[in-house]
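Single-structure report; data block below.
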């Protein structure tokens, strides 16, 4: 079985990338997660794992910004609007009020792409 076949079997439907701070217990990991400090891998979470409060704390501690979680149904309009607002706030936190010229192409691309959606 290929990696893509295994992923499809473990995570049916679609998945969305969400900020670690928006994770909630019970969500299901849809893409492998790895984290650590420097060259040392100290966190590995497999596809299909259920998120717990401990998982969230570990992800935050390791500096993991976002995680793909299974989402079997598309977001409704209100949830989508909230996700877009959180995405914009996070970009502002990362890039600041006056990003330097070298950052503008990346910031523009991220704004154009927007948050992931099913």
* Please state which one of 110, 75 is free of Cβ contacts under 8 Å to residues at least 60 places away in the same chain, outside any loop (DSSP other than H, G, I, E, B) and surrounded by 14 or more Cβ atoms within 10 Å (Cβ to Cβ). => 110
* How many residues are in a helix (DSSP H, G or I) and either over 17 Å from residue 27 (Cβ atoms) or touching a residue at least 24 places away in the same chain (Cβ under 8 Å) (or both) when one looks only at segment 78-107? -> 20
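All of the numbers you see were taken from the coordinates with simple rules; none came from a lab. Note that the coordinates shown come from a computational prediction; the quantities given were computed from them, not determined experimentally. Ideal geometry is used to build each Cβ from the backbone, glycine not excepted, and the neighbour counts take in all protein chains shown.
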